[in-house]
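A.B. asks: Structure below; questions to follow.
The values are calculated or read from the model by the stated rules, or taken from the named source; none is laboratory data. All values reported here derive from a predicted model rather than from experimental measurement. Cβ placement follows ideal geometry from the backbone for every residue including glycine, while neighbour counts extend to all protein chains displayed.
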Amino acid sequence: MKAKFLKVIAILALLSLVFTACAPKAPGGPGESVTPEGTPQGEPGGQPQPIDTLRVGIAAMINQFDPGYSIGIQSIKIFYNIFDTLLTRDKNGNVAGQLAESWDWADDKTLNVKLRSGITFHNGEPCTAEDVKFTFDRIMSGFGDGTVAALYETLESVDIIDDLTVQFKTKVVDAAFLDRLSSVWGASIVPKDYLEEIGNEAFQTAPIGTGPYMMTSFSPEKMVLTRYDGFWGEAPNARVIEFILFPEASARITALLTGEVDIVNDITSDLVDSIEGQKGVKVVGTPVDNIHIYVFNTENGPMASQKFRQALTIAINRQQLVDSLWGKYAYVPNGHQFPSYGDMYIDEYPGIQYDLERAKALVKESGYDGTTIEIQMRPGYYMNGDQAGEAIVDMWKQIGVNAKVVYVEKMTWDFPHVRSWSSASRFDDPLGALWLLFGTGTNPAKYTWKDMPQDWIQTGQKLITTADKTERRALASDLVRMFDEYCPGTYLYAVEDLYGIRDGLDWDMHYAKNQIMSFRAEDFKPAA
């Protein structure tokens, strides 16, 4: 932890210089949407004016914009502003229409969905039932990395009823099907004609959707979204949004304090108080339904031993990681689950218990041969992920396991031992995270956990088709316990997302629990 301490001291020293330099000035961003005192500019009386250019400093830049190919914790932040899904969840947690005007069950495995009329894509072409069918057929065909397809494992077919109506048929009675359709991690509707014309690869860097913003330029350092005037809903309050890459936390914060940007993401917990002490800026945030996790390749070398994987799991001092890296902005979960599951949350399950002596015994019983265990991760992708990895290497050294962090430019499923990942709950149900990440048809099932036990498979499949709450809760309890027993991976901690923001901007963080940065009209505006 010495290296982390020295890094924090260096950042604080830099920020001290920035604070001093900026003290006489107040943070008025390049968009000039607010006065130095945080009062919106406009006519006498202080009526706020629309923001011309909103600049957002981000820690990591995404490089592909096809929501059917893959969705991750960085891309979901951007996708929500460009694309729409059929259904969504309103701020009271109820299923609501986004592109859908109405929906009804014809029977317990048949759902009819009618689109709003007059919806157009960013190229002006109408969005119809043909585009909806194309979107889902593409996902079900095996396109992409599997992160979206796993959400629709129960879907059998999508058929066109008329220009604005589609019919979904499920393979089984799926009590969570509306949850799947209303997930922001689900199927964002893409344009059939445009995509077939330019091809899948070109669409990744030249996307169009039906959302309030369209992407108008992209480079590895900056992407620009421009308000789409043909948007079917209320026009957003910023005309242009620039997402600018600042990989280093100190650079992002400096940009916020000097007015180079209006918002920054991934504020580290150790700098919150320092930022809060400055005039004209504040820190906002919310707990997110996301757990930072590791995936184990159960086929390679020592990792093939369940006892060895269990040893790695119980040798991680999760509370120490939380205390040293996150403070009050993270917690150690009791199992791979979220409190947002309500009645389905297994609060009596204690989760993984740190046990160094038991871990040493398991390493010995496993016949570990001294192989160096590689932890693969993309540098800076997960906040505090690099520091956590280095700390875990030291923890595993205490049980006689050699390990090292290996930084890669791009994460793939071709890794020898361990890779970093995160588990975002796609919807508020036990099926929304653990099963979607480690169930049948998922990337671990295809690449790293090919000997998936039958009792695990049967439990997950029963959870899908069971409606009785008592029985579902028992099945969910079995799943979280099995995960910690079989150890196809392990969880580290559940976190908060923290943002720095200039005064004079009103940002509703409700949907941030899903890790999206929503700049839609109902979520973001100049402060009144």
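A.B. asks: For the range 388-401, give me the residue count where each residue is closer than 16 Å to Thr268 by Cβ and over 20 Å from the mean Cα position of the chain (by Cα).
C.D. replies: Within the range 388-401, residues that are closer than 16 Å to Thr268 by Cβ and over 20 Å from the mean Cα position of the chain (by Cα) number 2.
A.B. asks: Here is a list: Thr147, Thr170. Which entry is in the same structural domain as Thr88 (by TED's automatic domain parsing), out of contact with any Leu (no Cβ under 8 Å at 6 or more places or on another chain) and touching a residue at least 60 places away in the same chain (Cβ under 8 Å)?
C.D. replies: On the way: Thr170 fails: out of contact with any Leu (no Cβ under 8 Å at 6 or more places or on another chain).
Criteria check complete, one pass: Thr147.
A.B. asks: Mind counting the residues in the range 114-129 that are in contact with a strand residue (DSSP E or B) (Cβ under 6 Å, 6 or more places away or on another chain) and in contact (Cβ under 8 Å) with a residue 60 or more places away in the chain?
C.D. replies: Result for the range 114-129: 3.
A.B. asks: Within the range 103-148, restricting attention to residues that are of a type in the set (Gly, Ala, Ser) and buried (at least 18 other Cβ atoms within 10 Å of the Cβ), which residue is farthest from Ala467 (Cα to Cα)? Walk me through it before giving the result.
C.D. replies: Kept after step one, since they are of a type in the set (Gly, Ala, Ser), are these residues of the range 103-148: 106, 117-118, 124, 129, 141-142, 144, 146.
Narrowing the set further to residues that are buried (at least 18 other Cβ atoms within 10 Å of the Cβ) leaves 129, 146.
Working: Ala129: 30, Gly146: 26 Å.
Here the answer is Ala129.
A.B. asks: Restricting to the range 256-270, name every residue that is buried (at least 20 other Cβ atoms within 10 Å of the Cβ) and not acidic (Asp, Glu).
C.D. replies: Across the range 256-270, the qualifying residues are Leu256, Leu257, Gly259, Val261, Ile263, Val264, Asn265, Ile267, Thr268, Ser269.
A.B. asks: Now, a different point. Any residue in the range 91-102 that's more than 17 Å from Ser188 (Cα to Cα) and without any contact (Cβ under 8 Å) to a residue 40 or more places away in the chain: show its pairings with residues that are β-branched (Val, Ile, Thr) and assigned to a strand (DSSP E or B) at Cβ separation under 6 Å, as long as the two are six or more apart or on different chains.
C.D. replies: Nothing qualifies.
A.B. asks: Of everything in the range 429-467, what is closer than 20 Å to Gly342 by Cα and either among the aromatic types (Phe, Trp, Tyr) or part of a loop (DSSP other than H, G, I, E, B) (or both)? Give them in sequence order.
C.D. replies: Asp429, Ala433, Trp435, Thr466, Ala467
A.B. asks: Check every one of the helices (runs of 4 or more DSSP H) wholly within the range 199-288 and list those with 2 or more residues that are more than 24 Å from the chain's Cα centre (by Cα).
C.D. replies: Qualifying helices (runs of 4 or more DSSP H): 249-257, 272-276.
A.B. asks: Against the definition (in contact (Cβ under 8 Å) with a residue 12 or more places away in the chain and closer than 19 Å to Gly351 by Cα), how does Gly500 come out, yes or no?
C.D. replies: no
A.B. asks: A follow-up question, please. So which residues in the range 326-346 are more than 15 Å from Leu479 (Cα to Cα) and either surrounded by fewer than 16 Cβ atoms within 10 Å (Cβ to Cβ) or over 20 Å from the mean Cα position of the chain (by Cα) (or both)?
C.D. replies: Scanning the range 326-346 gives Gly327, Lys328, Pro339, Gly342, Asp343.
A.B. asks: Something else now. Identify, from the list Tyr382, Tyr368, the residue that is outside any strand (DSSP E or B), in contact (Cβ under 8 Å) with a residue 12 or more places away in the chain, closer than 19 Å to Pro302 by Cβ and among the aromatic types (Phe, Trp, Tyr).
C.D. replies: None of the others qualify; the one that does is Tyr368.
A.B. asks: Related question: In the range 91-102, which residue that is surrounded by fewer than 13 Cβ atoms within 10 Å (Cβ to Cβ) and modelled with pLDDT under 95 is farthest from Met509 (Cα to Cα)?
C.D. replies: Once the filter is applied, the top-ranked residue is Asn94.
A.B. asks: Are any residues in the range 499-515 under 19 Å from the mean Cα position of the chain (by Cα) and surrounded by 21 or more Cβ atoms within 10 Å (Cβ to Cβ), and if so, which ones?
C.D. replies: Tyr499, Gly500, Ala512, Asn514, Gln515
A.B. asks: Here is a follow-up. Would the range 377-385 turn up any residue that is crowded, with 18+ Cβ neighbours inside 10 Å, among the polar types (S, T, N, Q), in contact with a His (Cβ under 7 Å, 6 or more places away or on another chain) and in the same structural domain as Thr466 (by TED's automatic domain parsing)?
C.D. replies: no
A.B. asks: Additional query: Whether any residue in the range 391-410 is polar (S, T, N, Q), touching a residue at least 60 places away in the same chain (Cβ under 8 Å) and surrounded by fewer than 21 Cβ atoms within 10 Å (Cβ to Cβ) is what I want to check. Can you show your working first?
C.D. replies: Going residue by residue through the range 391-410, those that are polar (S, T, N, Q) are 398, 402.
Then keep just the ones that are touching a residue at least 60 places away in the same chain (Cβ under 8 Å); that gives 398.
Restricting the remaining residues to those that are surrounded by fewer than 21 Cβ atoms within 10 Å (Cβ to Cβ) gives 398.
Yes, some residue in the range 391-410 is polar (S, T, N, Q), touching a residue at least 60 places away in the same chain (Cβ under 8 Å) and surrounded by fewer than 21 Cβ atoms within 10 Å (Cβ to Cβ).
A.B. asks: Take Asp193 and tell me if it is in a loop (DSSP other than H, G, I, E, B) and of a type in the set (D, E, K, R). Talk me through it step by step, then tell me what you get.
C.D. replies: Details: in a loop (DSSP other than H, G, I, E, B): no; of a type in the set (D, E, K, R): yes.
Here the answer is no, as Asp193 does not meet what is asked.
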